[in-house]
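**Student:** Right, I'll just put the structure down here and ask away after.
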Amino acid sequence: TQLLEQSPQFLSIQEGENLTVYCNSSSVFSSLQWYRQEPGEGPVLLVTVVTGGEVKKLKRLTFQFGDARKDSSLHITAAQPGDTGLYLCAGGGGATNKLIFGTGTLLAVQP
Amino acid sequence: GAVVSQHPSWVICKSGTSVKIECRSLDFQATTMFWYRQFPKQSLMLMATSNEGSKATYEQGVEKDKFLINHASLTLSTLTVTSAHPEDSSFYICSASPDEAGGWNEQFFGPGTRLTVL
């Protein structure tokens, strides 16, 4: 069974701090996506990474796909209250088009 | 682009009744849609893969006779919770994978439906 473990599970920080969320697996994925979800809403796709070692930047967010395509990280610089939400990584690559979702990281940024 | 809608956004029903939730891809075609269930502050749990023109594929432990899925067109999938009970109360989310997505398994999510069974 493919599993994606995220750490930390919960994170509460002050506005302006930096943070990193990790997404780890023993399985190889063809692609890995990061989503952000706010309470009562569906997840919103932030980025898709597909190449081992790939780094993508989205404003203050930096995403990295591990060289072996088994892990990924999300780094947020100078966090803002608007970054608050549930961050989910999801791995894909099977013939079924299914995504395997990570365990989630709940981030709270205090003003 | 890549907008997915769900209807209703919330529903309250009595135990024993059936509830239908619709998932539509508004600006793209999706041969494949997915239905997830989510408990508070937890990740998404895949219930089933909905395939246009064929039977849905259910994940292990999900009762196909209780959660009926119909994918009648390339833009619409429905989930019917039959004989709902309080333990079925949850947040149900659908997603759609654009047919032209390029193979990277990208899914776009609806806003979710909050089901409360009394």
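**Student:** Within the set of other residues whose C-beta is less than 12 Å from the C-beta of A:Thr51, count the net charge using Lys and Arg as +1 and Asp and Glu as -1.
**Tutor:** So the surrounding residues net to 0.
**Student:** Continuing with this model, one more query. Just give me a number: lysine pairs in chain B, eight or more positions apart or cross-chain, with C-alpha atoms less than 19 Å apart.
**Tutor:** 6
**Student:** Expressed as a whole percent, how much of the Cα-Cα distance distribution for the range A:1-42 exceeds 15 Å?
**Tutor:** Of the Cα pairs, 60 percent sit more than 15 Å apart.
**Student:** Let me ask you something else. Please compute, over every Cα-Cα pair in chain B, the percentage with a separation greater than 26 angstrom.
**Tutor:** I get 14 percent for the Cα pairs in chain B exceeding 26 Å.
**Student:** What is the distance in Å between the Cα centres of the range B:5-28 and the range A:51-66?
**Tutor:** Distance between centres, Cα-based: 36 Å.
**Student:** Exactly which trypsin sites (Lys or Arg not before Pro) in the range A:9-68 are in a DSSP loop and have at most 14 other Cβ atoms within 10 Å? Walk me through the intermediate numbers first.
**Tutor:** Working: sites: A:Arg36, A:Lys56, A:Lys57, A:Lys59, A:Arg60; in loops: A:Lys59, A:Arg60.
Loop-located and lightly packed - A:Lys59, A:Arg60.
**Student:** Can you work out D for the protein assembly as shown in µm² s⁻¹ from Stokes-Einstein, where Rh is the Kirkwood radius over C-alpha pairs, the temperature is 10 °C and the viscosity is 1.306 mPa s?
**Tutor:** 88
**Student:** Something else: For A:Lys56, which lysines qualify as cross-link partners when the Cα separation must be under 17 Å and same-chain residues fewer than eight apart are set aside?
**Tutor:** Cross-link targets: A:Lys70.
**Student:** While we're here: Using a 10 Å cut-off around each Cβ of peptide A:37-47, what is the average number of partner chain Cβ atoms that fall inside?
**Tutor:** Shielding by partners across A:37-47 averages 5.
**Student:** Kirkwood Rh, chain A, all Cα pairs: how many Å?
**Tutor:** 13.9
**Student:** Turning to a different aspect of this structure: What residue among B:Ala56, B:Ala72, B:Ala48 has the largest mean-square fluctuation in a Gaussian network model of chain B, using Cα springs under 10 Å?
**Tutor:** Of the options given, B:Ala72 has the highest mean-square fluctuation.
**Student:** A follow-up question, please. For the range A:48-111, state the semi-axes of the equivalent ellipsoid (square roots of 5 times the eigenvalues of the alpha-carbon gyration tensor), sorted largest first and rounded to whole angstrom.
**Tutor:** Working: eigenvalues 116, 46, 14 Å².
Semi-axes, largest first: 24, 15, 8 Å.
**Student:** Average partner chain C-beta neighbours within 10 Å, per residue of A:27-33?
**Tutor:** 2
**Student:** Report the chymotrypsin sites (Phe, Trp or Tyr not before Pro) located in the range A:8-111 that are in a DSSP loop and have at most 15 other Cβ atoms inside 10 Å of their Cβ, or state none.
**Tutor:** none
**Student:** Could you run the Karplus curve 6.51 cos²θ - 1.76 cosθ + 1.60 with θ = phi - 60° over the range B:5-11 and give me ³J(HN,Hα) per residue in whole Hz, x for Gly and Pro?
**Tutor:** Working through the residues one at a time gives 10, 10, 8, x, 7, 8, 8 Hz.
**Student:** For peptide B:41-49, what's the mean number of Cβ atoms from other chains within 10 Å of each residue's Cβ? Mind showing how you got there, number by number?
**Tutor:** Numbers: counts 6, 4, 13, 11, 1, 4, 0, 0, 3.
That works out to 5 on average.
**Student:** I'd like the distance separating the alpha-carbon centroids of the range A:69-111 and the range B:48-80, in whole Å.
**Tutor:** Each part reduced to its Cα centre gives a spacing of 27 Å.
**Student:** Looking at chain B as a GNM with Cα springs under 10 Å, which of B:Lys55, B:Lys66, B:Lys41 has the largest mean-square fluctuation?
**Tutor:** The residue with the greatest mean-square fluctuation here is B:Lys41.
The numbers here are math on the coordinates, done by the rules we state, and not lab data. Small disclaimer: the values here were computed from a predicted structure and weren't measured. We place every Cβ from the backbone using ideal geometry, glycine too, and count neighbours over all the protein chains shown.
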